[in-house]
């Protein structure tokens, strides 16, 4: 898991979106229920911010579905980087 993407995502969640996020988040942590508790709108907001920050095209790697785990989200940003 790319540490820069991981840290960016956690900072956005904690600072920009003002959410309480545990320190023990790992690749298997669910984005939704039973994990971070994010709804689909918040996941999309995080994705848009990550696309802007990392010049990435995340949508082409999602196959019509939002990522379900933190690791899947980070991996989709990493694979979507244009540079």
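The values are calculated or read from the model by the stated rules, or taken from the named source; none is laboratory data. Since the structure is predicted, the reported quantities are computational estimates derived from the model, not experimental observations. Positions of Cβ are backbone-derived with ideal geometry, glycine not excepted, and every protein chain shown enters the neighbour counts.
Filter the range 15-39 for residues that are within 23 Å of residue 81 (Cβ to Cβ) and not in a loop (DSSP other than H, G, I, E, B) and give the result.
The answer is 15, 16.
Just give me the residues in the range 48-68 being touching a strand residue (DSSP E or B) at 6+ places or on another chain (Cβ under 9 Å) and either modelled with pLDDT of 90 or more or surrounded by fewer than 17 Cβ atoms within 10 Å (Cβ to Cβ) (or both), in sequence order.
Hits for the range 48-68 are 50, 54, 55, 57, 68.
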